[in-house]
Amino acid sequence: MENRSPITCFAITSDGKRAAYWRLRAGLKQPELFLEREGYGKKFHFSLHASGQWHMKEGRQERISWARPGEVVPGYTRAVGIVQPVATAVREDPAAEEAVLVPAPTDANPTTFSLFIERPGGNLDNSWPGKNAEGTTLVGRIPLAAGAGTCCVVALKQSLHPDHADFLRPSDDELRWMRDVAAEAVECTTGKVGRFDGN
(Lines give C-alpha, C1' and ligand atoms only; values in the text may rest on other atoms or scores of the structure.)
Protein backbone atom coordinates (compact mmCIF):
# COMPACT_ATOMS: atom_id res chain seq x y z
CA MET A 1 0.00 0.00 0.00
CA GLU A 2 1.23 3.47 -0.87
CA ASN A 3 2.18 5.52 2.20
CA ARG A 4 0.51 8.64 0.82
CA SER A 5 -3.02 9.90 1.21
CA PRO A 6 -5.05 10.41 -1.98
CA ILE A 7 -5.44 14.09 -2.90
CA THR A 8 -7.13 16.32 -5.44
CA CYS A 9 -6.85 20.10 -5.93
CA PHE A 10 -9.32 22.42 -7.63
CA ALA A 11 -10.06 26.06 -8.48
CA ILE A 12 -11.53 28.24 -11.22
CA THR A 13 -9.60 29.93 -14.01
CA SER A 14 -10.77 33.01 -15.89
CA ASP A 15 -9.17 35.34 -18.42
CA GLY A 16 -5.72 33.76 -18.00
CA LYS A 17 -5.74 33.98 -14.20
CA ARG A 18 -6.82 31.57 -11.50
CA ALA A 19 -8.26 31.56 -8.01
CA ALA A 20 -6.36 30.09 -5.07
CA TYR A 21 -6.89 26.35 -5.23
CA TRP A 22 -8.28 24.07 -2.56
CA ARG A 23 -6.51 20.84 -1.67
CA LEU A 24 -8.58 17.85 -0.56
CA ARG A 25 -6.79 15.01 1.18
CA ALA A 26 -8.15 11.69 2.44
CA GLY A 27 -6.95 10.08 5.67
CA LEU A 28 -4.65 7.07 5.34
CA LYS A 29 -6.24 4.85 7.99
CA GLN A 30 -9.59 6.43 8.83
CA PRO A 31 -12.34 7.44 6.38
CA GLU A 32 -11.87 11.16 6.94
CA LEU A 33 -11.16 14.21 4.80
CA PHE A 34 -9.05 17.35 5.17
CA LEU A 35 -9.61 20.45 3.03
CA GLU A 36 -7.04 23.26 2.93
CA ARG A 37 -6.82 26.49 0.96
CA GLU A 38 -3.62 27.21 -0.95
CA GLY A 39 -1.17 29.13 1.16
CA TYR A 40 -3.32 28.65 4.25
CA GLY A 41 -2.91 24.91 4.96
CA LYS A 42 -2.15 25.25 8.66
CA LYS A 43 -3.96 28.55 9.07
CA PHE A 44 -7.30 27.76 7.44
CA HIS A 45 -8.67 24.24 7.02
CA PHE A 46 -11.64 21.90 7.36
CA SER A 47 -11.40 18.53 9.11
CA LEU A 48 -14.17 16.01 8.42
CA HIS A 49 -13.36 13.31 10.98
CA ALA A 50 -14.49 9.69 10.83
CA SER A 51 -16.31 10.24 14.14
CA GLY A 52 -18.78 12.50 12.31
CA GLN A 53 -17.63 15.54 14.29
CA TRP A 54 -16.48 18.08 11.73
CA HIS A 55 -14.94 21.53 12.10
CA MET A 56 -13.33 24.45 10.33
CA LYS A 57 -10.36 26.10 12.00
CA GLU A 58 -8.55 29.36 11.40
CA GLY A 59 -5.13 28.87 12.93
CA ARG A 60 -5.78 26.97 16.14
CA GLN A 61 -9.18 28.54 16.68
CA GLU A 62 -12.27 26.57 15.80
CA ARG A 63 -14.63 28.84 13.87
CA ILE A 64 -17.41 26.41 12.97
CA SER A 65 -18.23 22.88 14.09
CA TRP A 66 -21.05 20.61 13.02
CA ALA A 67 -22.08 16.97 12.93
CA ARG A 68 -21.95 15.02 9.70
CA PRO A 69 -25.25 15.71 7.90
CA GLY A 70 -27.63 13.06 6.62
CA GLU A 71 -27.60 11.87 3.03
CA VAL A 72 -29.18 14.24 0.50
CA VAL A 73 -30.21 11.20 -1.53
CA PRO A 74 -29.52 7.56 -0.66
CA GLY A 75 -25.78 6.92 -0.86
CA TYR A 76 -24.64 10.57 -1.10
CA THR A 77 -23.74 13.06 1.65
CA ARG A 78 -22.94 16.65 0.62
CA ALA A 79 -20.05 17.43 2.95
CA VAL A 80 -18.82 20.91 1.99
CA GLY A 81 -19.47 23.58 -0.63
CA ILE A 82 -16.76 26.01 -1.76
CA VAL A 83 -17.92 29.05 -3.77
CA GLN A 84 -15.50 30.85 -6.10
CA PRO A 85 -16.84 33.95 -7.89
CA VAL A 86 -14.93 35.03 -11.01
CA ALA A 87 -13.56 37.96 -8.96
CA THR A 88 -11.39 35.48 -7.00
CA ALA A 89 -9.37 34.60 -10.14
CA VAL A 90 -6.52 37.04 -9.49
CA ARG A 91 -3.44 34.79 -9.37
CA GLU A 92 -1.06 34.69 -12.32
CA ASP A 93 1.35 32.06 -10.99
CA PRO A 94 0.86 28.44 -12.09
CA ALA A 95 -1.22 26.11 -9.93
CA ALA A 96 0.06 22.81 -8.55
CA GLU A 97 0.49 20.16 -11.26
CA GLU A 98 -2.34 18.05 -9.85
CA ALA A 99 -4.81 20.97 -9.68
CA VAL A 100 -7.93 20.82 -11.84
CA LEU A 101 -8.82 24.31 -13.09
CA VAL A 102 -12.43 24.80 -14.13
CA PRO A 103 -12.87 27.52 -16.80
CA ALA A 104 -15.23 30.38 -15.94
CA PRO A 105 -16.05 33.18 -18.40
CA THR A 106 -15.59 36.69 -16.98
CA ASP A 107 -19.37 37.20 -16.83
CA ALA A 108 -20.15 33.76 -15.36
CA ASN A 109 -22.08 33.07 -12.18
CA PRO A 110 -19.97 31.88 -9.23
CA THR A 111 -18.72 28.30 -9.37
CA THR A 112 -19.73 26.09 -6.45
CA PHE A 113 -17.46 23.12 -5.81
CA SER A 114 -19.38 20.47 -3.83
CA LEU A 115 -17.76 17.58 -2.00
CA PHE A 116 -19.95 14.49 -1.86
CA ILE A 117 -19.16 11.45 0.25
CA GLU A 118 -20.34 8.41 -1.71
CA ARG A 119 -21.21 5.10 -0.11
CA PRO A 120 -19.43 2.02 -1.52
CA GLY A 121 -21.16 0.20 -4.37
CA GLY A 122 -22.24 3.19 -6.46
CA ASN A 123 -21.82 3.53 -10.22
CA LEU A 124 -18.51 5.38 -10.53
CA ASP A 125 -17.88 4.68 -14.22
CA ASN A 126 -19.86 7.42 -15.90
CA SER A 127 -21.89 8.99 -13.12
CA TRP A 128 -21.48 11.60 -10.39
CA PRO A 129 -23.74 13.74 -8.15
CA GLY A 130 -25.85 16.25 -10.08
CA LYS A 131 -24.65 15.13 -13.52
CA ASN A 132 -28.12 14.75 -15.03
CA ALA A 133 -30.34 16.80 -12.71
CA GLU A 134 -28.17 19.94 -12.48
CA GLY A 135 -25.49 19.58 -15.15
CA THR A 136 -22.53 19.44 -12.76
CA THR A 137 -18.98 18.89 -14.02
CA LEU A 138 -16.85 16.12 -12.53
CA VAL A 139 -13.69 17.58 -10.98
CA GLY A 140 -12.24 14.51 -9.28
CA ARG A 141 -12.84 11.54 -7.05
CA ILE A 142 -10.66 10.04 -4.32
CA PRO A 143 -11.07 6.80 -2.35
CA LEU A 144 -11.72 6.87 1.38
CA ALA A 145 -9.76 4.66 3.77
CA ALA A 146 -11.07 1.34 5.07
CA GLY A 147 -13.25 0.77 1.98
CA ALA A 148 -15.71 3.43 3.20
CA GLY A 149 -16.51 4.68 -0.30
CA THR A 150 -15.25 7.74 -2.16
CA CYS A 151 -15.32 11.52 -2.08
CA CYS A 152 -16.45 13.10 -5.32
CA VAL A 153 -15.85 16.78 -6.17
CA VAL A 154 -18.22 18.38 -8.69
CA ALA A 155 -18.52 21.95 -9.99
CA LEU A 156 -21.62 23.95 -10.88
CA LYS A 157 -21.96 27.56 -12.02
CA GLN A 158 -25.02 29.01 -10.29
CA SER A 159 -26.46 32.20 -8.93
CA LEU A 160 -26.21 32.58 -5.16
CA HIS A 161 -29.69 33.94 -4.76
CA PRO A 162 -31.01 33.44 -1.18
CA ASP A 163 -34.04 31.57 -2.54
CA HIS A 164 -31.78 28.87 -3.95
CA ALA A 165 -32.74 25.61 -2.24
CA ASP A 166 -29.21 24.62 -1.23
CA PHE A 167 -27.93 28.13 -0.45
CA LEU A 168 -27.19 28.69 3.23
CA ARG A 169 -26.95 32.40 3.93
CA PRO A 170 -24.08 33.22 6.31
CA SER A 171 -24.64 35.44 9.34
CA ASP A 172 -23.41 39.06 9.35
CA ASP A 173 -20.44 38.02 11.52
CA GLU A 174 -19.56 35.22 9.09
CA LEU A 175 -19.83 37.64 6.15
CA ARG A 176 -17.45 40.10 7.85
CA TRP A 177 -15.01 37.27 8.55
CA MET A 178 -15.24 36.04 4.90
CA ARG A 179 -14.51 39.56 3.61
CA ASP A 180 -11.48 39.84 5.92
CA VAL A 181 -10.11 36.48 4.76
CA ALA A 182 -10.72 37.35 1.09
CA ALA A 183 -8.97 40.73 1.48
CA GLU A 184 -6.02 39.03 3.14
CA ALA A 185 -5.81 36.51 0.29
CA VAL A 186 -5.72 39.27 -2.34
CA GLU A 187 -2.94 41.03 -0.42
CA CYS A 188 -0.86 37.86 -0.28
CA THR A 189 -1.06 37.13 -4.03
CA THR A 190 2.06 39.18 -4.63
CA GLY A 191 3.82 37.83 -1.56
CA LYS A 192 5.28 34.47 -0.67
CA VAL A 193 2.87 31.58 -1.18
CA GLY A 194 2.61 29.18 1.73
CA ARG A 195 2.92 25.43 1.32
CA PHE A 196 1.00 22.42 2.50
CA ASP A 197 3.02 20.27 4.86
CA GLY A 198 0.53 17.44 5.16
CA ASN A 199 -0.54 18.15 8.75
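A few remarks follow.
- Among the residues of region 48-55, at least one is at pLDDT 95 or above, among the hydroxyl-bearing types (Ser, Thr, Tyr) and within 21 Å of residue 148 (Cβ to Cβ).
- Evaluation of residue 88 against (1) surrounded by fewer than 18 Cβ atoms within 10 Å (Cβ to Cβ); (2) modelled with pLDDT under 95 (one fails), failing number: (1)
- Any hit, region 134-149, residues being touching a helix residue (DSSP H, G or I) at 6+ places or on another chain (Cβ under 9 Å), of a type outside the set (Ser, Thr, Tyr), modelled with pLDDT of 95 or more and in a loop (DSSP other than H, G, I, E, B): no
- The strands (runs of 3 or more DSSP E) located wholly in region 1-103 that include 1 or more residues which are touching an Asp or Glu at 6+ places or on another chain (Cβ under 8 Å) and under 28 Å from residue 121 (Cα atoms) occupy 7-14, 22-26, 44-48, 53-58, 76-84.
- Filtered by the rule that a residue be in contact (Cβ under 8 Å) with a residue 24 or more places away in the chain and either in contact with an Asp or Glu (Cβ under 9 Å, 6 or more places away or on another chain) or surrounded by fewer than 18 Cβ atoms within 10 Å (Cβ to Cβ) (or both), region 122-133 gives 122, 124, 128, 129.
- With respect to the conditions (1) in contact with a Leu (Cβ under 6 Å, 6 or more places away or on another chain); (2) small (Gly, Ala, Ser); (3) without any contact (Cβ under 8 Å) to a residue 12 or more places away in the chain, residue 26 lacks only one, and its number is (3).
- Number of positions in region 5-32 that are hydroxyl-bearing (Ser, Thr, Tyr), closer than 17 Å to residue 140 by Cα and either over 10 Å from the mean Cα position of the chain (by Cα) or crowded, with 22+ Cβ neighbours inside 10 Å (or both): 3
- When residue 74 is tested against (1) under 19 Å from residue 118 (Cβ atoms); (2) modelled with pLDDT of 95 or more, just one condition goes unmet, and that condition is (2).
- Selected residue (criterion: farthest from the chain's Cα centre (by Cα)) from residues of region 33-74 that are over 24 Å from residue 97 (Cα atoms) and crowded, with 16+ Cβ neighbours inside 10 Å: 50
- Selection of region 104-116 for residues being touching a residue at least 60 places away in the same chain (Cβ under 8 Å), part of a strand (DSSP E or B) and among the β-branched types (Val, Ile, Thr) yields only 111.
The values are calculated or read from the model by the stated rules, or taken from the named source; none is laboratory data. Just so it is clear, the model here is predicted, and its values are computed rather than measured. Note that we place each Cβ from the backbone using ideal geometry, even for glycine, and neighbour counts take in every protein chain shown.
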